[in-house]
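Chemist: My questions all concern the structure below.
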Amino acid sequence: MTVEQLAKRLGAELACGSGVRGLGSGVRGQIKAVGPVETAGGDEVTFVTRGSGVRGRGSGVWGLGRAALLRSRAGAVIVGERIEGLAMPQLIVRNVDAALIEALGIFAPRLKRQEEGIDPSAKVGQDVKIAQGVSIEAGAVISDKAEIGQGSVIGSGCKIGENSSIGANCRLDGNVVVYHNCRIGNNVIIQANSTIGSTGFGYCCIEGEHKLIPHNGGVVIEDFVEIGANCCVDRAKFGNTVIGAGTKIDNLVQIAHNVIIGRCCLIAGQVGIAGSCKIGDGVVLGGQAGVTDNIKIGDGAMIGGQSGVFQDVPPKGRLFGTPATGIAEASKIISLTKRLPKLAETVKQLRKRIEKLESAFAKASADRQKTE
Amino acid sequence: MTVEQLAKRLGAELACGSGVRGLGSGVRGQIKAVGPVETAGGDEVTFVTRGSGVRGRGSGVWGLGRAALLRSRAGAVIVGERIEGLAMPQLIVRNVDAALIEALGIFAPRLKRQEEGIDPSAKVGQDVKIAQGVSIEAGAVISDKAEIGQGSVIGSGCKIGENSSIGANCRLDGNVVVYHNCRIGNNVIIQANSTIGSTGFGYCCIEGEHKLIPHNGGVVIEDFVEIGANCCVDRAKFGNTVIGAGTKIDNLVQIAHNVIIGRCCLIAGQVGIAGSCKIGDGVVLGGQAGVTDNIKIGDGAMIGGQSGVFQDVPPKGRLFGTPATGIAEASKIISLTKRLPKLAETVKQLRKRIEKLESAFAKASADRQKTE
Amino acid sequence: MTVEQLAKRLGAELACGSGVRGLGSGVRGQIKAVGPVETAGGDEVTFVTRGSGVRGRGSGVWGLGRAALLRSRAGAVIVGERIEGLAMPQLIVRNVDAALIEALGIFAPRLKRQEEGIDPSAKVGQDVKIAQGVSIEAGAVISDKAEIGQGSVIGSGCKIGENSSIGANCRLDGNVVVYHNCRIGNNVIIQANSTIGSTGFGYCCIEGEHKLIPHNGGVVIEDFVEIGANCCVDRAKFGNTVIGAGTKIDNLVQIAHNVIIGRCCLIAGQVGIAGSCKIGDGVVLGGQAGVTDNIKIGDGAMIGGQSGVFQDVPPKGRLFGTPATGIAEASKIISLTKRLPKLAETVKQLRKRIEKLESAFAKASADRQKTE
C-alpha cells in the first residue's frame, strides 16, 4: 500500500514532505507496517500521539522531543496537526489514536481464518445451545445446558461449566476455564489460562477448623469486557461477582467473590481486589495495587501502582501508597521521608543550640545574681 | 421449603415475627435461597453473623446496624440470639456460621452428578492405580505409576505426573498440572489452572552463567488442604515442600521450593512465600503479602495485606508494613509519617524561635557588657 | 554408589573422616541422595556452599555455623576446602556449586524416558515443521506453519500458535499457551500453565471508550531462557517483546508488551514489569517487585523484593522500597522512620525547653528593665 492509498483509507489529509529522501520517502512509497518513531524504517508509517496505555507516557512529540521525529527514518507519519520542517509525508487526521488503531488493523499479521464448527476432539454435553458461526476448538469441553452465542470462538482446551452462557462475538483463548452458572456478555475477550467462576476464599472457623462457605452465586461479565491471561474471577457467595461493560483487565489479576466493578475501568497487571468491594465506573487501578475487602471506590478514581487501599475512596480520588492517601499528600510525605536524615540532623543541631542557650542563660543568671 | 421446614433442618428454635407482612413473611413462607441482609427478598433467608473470610468485616448485626436488619425484606433470618422488634421469623441457632453453611448447602445450585469412570479421551499410563468411584474427565493425562484415591475427581485437561498420588475425595478442577513425585492427601481441592510440583527458582552462578539446581525433592499436600485457582507450589530441592492439613490458600499464590507450611493456615490471594520458609500452624497471611526466603513465622501469627516479612516472626505476632513490624508500632509510624509535614513545620518554627532567642541573648549580653 | 565412587564421578579429592562412626560413614558407605546439612542421613551426601538462589542466604558453613556441620549425620560432605575435625569423609572440589549440581543430577529421580513422536490425540496443522526426536504429548495443538526444533518436548495440553517457532531441546510443560508469531530459541524451558504472546494492555480512549490497540508485534525468547509456571509474557504492539539469552524467570511473573530484557537476568516470583521497559544484562529483581512503564534499568542492577521502581536505575544500582531508592538511603530512611516516635517526642521536649527559655528570658529582660 502506498502512502497515498493509506491516507485515503484513514481519511487523512496528505501533506507532502519538505524534502526528497529517495526510496519510500515520497507519497508513492510503499508502507508495510506501523512502527515507533525511533525504529520505524522507510516502509513503515509512524505516529505522534499523546501516549497510550494506562500510565503510558507514550510517544508524544513534545515528550520525545521534536528531534526524534526529525531523525526518524519512517516512510510517513500520522499526526493531529501539520508539523513544519519534516521531510517525510504527513497524514493529518482528526484523531491520531483512532487512525493509529485503524492503521495497525490494516497491517496486522494475516492469520488463518478461524474455522467454524466443533472440532471432533471437543466434548459437548447435553442441552447445549450453540449459535451460528461458532468455533469450538480441539479438546474444549462444553458442559450441559451451556450456551455459546453467534460467532464466538472457544479456544482449545477451554472448559465451559454447566449452565454457563457465552454471548456473541466472544473470544476465549486456550485453556480458559469458566465454571458453572456464569454469564458472559457479547464481544468479551478472555485470554489464555484465565479462570472465571472459581470458588472464593470464604471460610468460617467452626470448632477450630476452617469450613468453606458454599458459593451459591455466579459471575456476570458484561459486554466488551476484556480480561488478560492467567487472571482469576471468583464466583459470589450470594448473587454475582460483576464486571461492568467495557472494563479492561490486564494479566494475573485477582477479582474476589462478590466484587462489583463498574463500567469502563482499567485494571492493570497483578492487581488484587478483595471480597465484596464496589468499584465505580471509569476507575483506574495501577499495577500490583491491592484493595482490601468491603471497600468502595468512587467513579473516576485513580489508584497508583502498588498502592494498598484500606479505606473508601471518593469519586475522582487520586491515591498512592500503602496505606493509600491522596496523591498530593503522598508525594509530600514521600519527599519529607526522603529528607528524614536531614530533619533528624536539624533536630540534633537545634538541641545543641538549646543546650548552649540554656547553659549560657543559666550562667548569665548566675552572674547577674552574683553581681546583685 | 418453608421457614418451618428449614428451621427443622437446621435444628433451630423458631421465633415468629412480630408483624404480618404478607406473602412469604410467615413461618409457612417459601424459602428458595440464602441472601445478604441488604438484598434478600421475601423468598430468601438472611443471617446475622460476626463476619466471614480472612479479614471479613462481614455482616455483623452491630456492624451493619440494626436498622439494616429492620429494613430487610428477607423471609426469615438466622440468628444466634433472639432480636426484639423484628417482623420476620427468626431461626435461633447455637452457631450461626455452621447453620449458614448448612443452609447454603441446602440451597446450592443443583449440578449434574459427576459421572464415574474414565472419559475415553483421557490418557492413562502404565501401572496406574485408580480406586473406586473415581472420575477422570475429558483430556486428562494420568502418567505411569500414579495413584488416584476413592471418589476423587480429576478435571478435564489435568495432568498427573509420574509416580504422584492423589488421595480420596479430592477434586482437581480443569487444567490443573501436578508434576511427578507429588503426594496429595485426602479431601483436597485444587482449583483450575494451578500448578503443583514445578521446579523451584534455584540457580548457581557457574562461570558467569546461571545453572539450574536439579530439584530432586517433591511436594506433600496434606488432608483437607484447599488451593485456589492459578496458584504455584514448587517442588523441593531435597525432601519436600509441605502444605499442612487444613490449610487454605486463595488464588494466584506462590509457594516456593522447600517451604513448610503448618496446619490450618489461611493464605490470601497473591501472597508469595520464598524458598525454605517455615510457616507455623494457624498463621494468617493477608493478600499480596510477601515473605523472603528462609524466614520462620510462629504459630498463630497474622501478617497484614501487602506486608513484606524480612525477619522471623514470633508466635502470635501481628505484623504490618514493608519491612513488616509489630502492628502497634506500624500504626504509630504510619500516623506519624502522615504528620511529617506538621513535624517539619514545627521544627522550622522552633529553629526560628531559637535564632530569635540567640540573637536576643547575644544582644542582651552585649548590652550588659556595655553597661558594665 | 559409594563415597569413593561419587568422589571419582565428581573429580573430587577424597579426605577420609577423622573418626569411625559406623555404617555409611566411611569411604565405602553407600550414598543414595543429596541432603541439606541439618537433615541428611548416613546414606546422603551433604555440601557446604555460599548459598544458592536469588537472595539465598543458603547453607554456608559460616552462616549455619560450624556446629551444624559437626552435628550432621550425613555420610559425606562436598566442600571447597578441607574442614578440620570432621568425622565424615570430605569430597574436596574446586567448585562446590558445580559439584552439587552434578551430584543432584546423579541422584535425580528416575523418570520414564520421554517417548518420541506425536501422540495420536495431538492436533498438528498444515505446513508445520517438526524436527527429529520431538515429542508432542496428548492433546497438544500445533497450529499452521509452526516449527518445533530437534529434541524438544511439547507437553500435553500445550497450544503453539500459527507461525510460531520453538527451537531445539526445549521443554514446554503441561498447558503452556504460545500465541502466533512468537520465536522461542534453543534450550528454553517454560513451565506449566504459562502464557506467551498474549495481547498487551494497551488501549486508546476514543469517544469515551477504551479501544484495544492491535498488537502486530511478537515475542522473542532467546536461548537458555527458563520461565516458571503461570507466567505471562505479552506480545509487542510493534517489533518484539524480548527476553535475552540465559535469563531465568520464576513463577507468576508478568512481562508486559514491548519490554526488552537483557541476558542472564534473574527475575523472582510475582514480579511485574510494565510496558516498554528496558532491563539490562545481569539484572536481579526480587520477589513481587514492580517496574512502571518505560523505565530503563542498567546492567547488573539489583532491585529488592516488593520494591516499586518509578525512575531509571543506573548500572549496578542497588535499590529498595516504594518508590525505590538507593539501598543505603532506603535503609537509613527505614531506620529513621522506625525512630519517628522518638524524634517526635524529642521535638516536643525541645519546644518545651524553648518555651521555658523564652519566658525565662522575657522575665530576665523585664527584670532588667525594671532594675534599670
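The values are calculated or read from the model by the stated rules, or taken from the named source; none is laboratory data. The structure presented is a predicted model; accordingly, all values stated were derived computationally and were not measured. A quick note on method: Cβ atoms are made from the backbone with ideal geometry, for glycine too, and the neighbour counts reach across all protein chains shown. For the accessible areas, the whole protein counts, side chains as well, though only heavy atoms, and no ligand, DNA or RNA atoms are used. Shrake-Rupley method; radii C 1.70, N 1.55, O 1.52, S 1.80 Å.
Chemist: Once you have the Kirkwood Rh of segment B:58-178 from its Cα pairs, apply Stokes-Einstein at 10 °C and 1.306 mPa s and quote D in µm²/s.
Modeler: In µm²/s, the coefficient is 90.
Chemist: Nm distances between the label at C:G208 and the same-position labels in the remaining copies, 7 Å along Cα→Cβ, shortest first?
Modeler: Result for C:G208, in nm, nearest copy first: 5.9, 5.9.
Chemist: What residues have an amide H closer than 5 Å to that of C:V141, excluding those fewer than 5 places away on the same chain, when H is modeled at 1.01 Å from N in the peptide plane?
Modeler: C:K123, C:C158, C:K159, C:I160
Chemist: Going by average Cβ neighbours within 10 Å, how do the peptides A:358-368, A:162-172, C:288-298, A:248-258 rank, with the highest at the top?
Modeler: A:248-258, C:288-298, A:162-172, A:358-368
Chemist: For segment A:134-177, just say rounded, prolate or oblate: build the C-alpha gyration tensor, square-root its eigenvalues into a ≥ b ≥ c, call rounded for a/c under 1.5, and beyond that prolate if a/b exceeds b/c, oblate if not.
Modeler: oblate
Chemist: Rounded to whole Å, give me the distance from the Cα center of segment B:125-158 to that of segment A:72-108.
Modeler: 57 Å
Chemist: Another one. Between the label point of B:K278 and that of the same position in each other copy, find the distances and list them shortest first in nm, with every label point placed 7 Å from Cα along the Cα-to-C-beta direction.
Modeler: Reported distances to equivalent positions: 4.7, 4.7 nm.
Chemist: Residues of C:138-150, mean number of Cβ from any other protein chain within 10 Å of their own Cβ, rounded to a whole number?
Modeler: Going residue by residue through C:138-150 and averaging, the value is 3.
Chemist: Under 26 Å from the Cα of C:K363, which lysines turn up, not counting those fewer than eight places away in the same chain?
Modeler: Cross-link targets: A:K352, A:K356, A:K363, A:K370, B:K348, B:K352, B:K356, B:K363, B:K370, C:K348, C:K352.
Chemist: Counting only heavy atoms of protein chains, what accessible area per residue, in Å², does segment C:140-272 have with a probe of 1.4 Å?
Modeler: About 22 Å² of surface per residue is accessible.
Chemist: Return the whole-Å distance between the Cα centroid of segment A:258-297 and the Cα centroid of segment B:167-185.
Modeler: 32 Å
Chemist: Something else now. Can you send over the carbon and sulfur percentage of the accessible area for segment C:261-372, probe radius 1.4 Å, protein chains only?
Modeler: 55 percent
Chemist: With solvent modelled as a 1.4 Å probe, how much accessible area in total do chains A and C shield from it at their shared surface, in Å² to the nearest 100?
Modeler: 5600 Å²
Chemist: With a 1.4 Å probe on protein heavy atoms only, tell me which residues of segment B:209-230 lose at least 30 Å² of accessible surface in the complex relative to the chain by itself.
Modeler: B:H210, B:L212, B:I213, B:P214, B:N216, B:E226, B:N230
Chemist: If you don't mind, there's one more thing I want to ask. Find the relative contact order for chain A and round it to a whole percent, using C-alpha pairs within less than 8 Å whose residues are 6+ positions apart.
Modeler: That works out to 6 percent.
Chemist: In straight Cα distance, which lysines are under 24 Å from C:K32, not counting same-chain residues fewer than 8 positions off?
Modeler: The reachable lysines, counting only those whose Cα sits under 24 Å from C:K32, are B:K145, B:K211, B:K237, C:K8, C:K112.
Chemist: Which values of log₁₀ I(q)/I(0), to two decimal places, follow from the Debye formula for segment B:118-329 at q = 0.08, 0.18 Å⁻¹ with a uniform point scatterer at every Cα?
Modeler: -0.28, -1.15
Chemist: To continue, here is another question. Once every DSSP H run of n ≥ 4 in the protein assembly as shown is given -39500 (n - 2.57) and the sum is divided by its residues, what mean residue ellipticity at 222 nm do you get, rounded to the nearest 500 deg cm²/dmol?
Modeler: After summing the helix terms and dividing by residue count, I get -6000 deg cm²/dmol.
Chemist: Return the residues of segment C:157-177 for which accessible area with all protein chains present is lower than in the chain on its own by 30 Å² or more; set the probe to 1.4 Å and exclude ligands, DNA and RNA.
Modeler: At a threshold of 30 Å² (probe 1.4 Å), the residues of segment C:157-177 that become less exposed are C:K159, C:E162, C:N175, C:V177.
Chemist: HN-Hα J couplings of segment C:183-195 from phi, Karplus 6.51/-1.76/1.60, θ = phi - 60°, integer Hz, Gly and Pro as x?
Modeler: 10, 10, x, 8, 6, 9, 10, 10, 7, 3, 6, 8, 10
Chemist: Counting pairs of Cα atoms in the protein assembly as shown, how many percent are more than 41 Å apart?
Modeler: Of all Cα-Cα pairs in the protein assembly as shown, 49 percent lie more than 41 Å apart.
Chemist: What residues qualify as long-range amide H neighbours of B:V153, i.e. H under 5 Å apart, gap of 5 or more or another chain, H built at 1.01 Å from N?
Modeler: The answer is B:S135, B:C170, B:R171, B:L172.
Chemist: Another question, if that's okay. Starting from a label point 7 Å past Cα on the Cβ side, list the distances from B:E38 to the same position in the other copies, nm, shortest first.
Modeler: Ordered by distance, the counterparts are at 4.7, 4.7 nm.
Chemist: Now, a different point. Taking the Cα atoms of chain B alone, what are Rg (to one decimal) and Dmax (as a whole number) in Å?
Modeler: Cα radius of gyration and Dmax of chain B are 29.5, 113 Å respectively.
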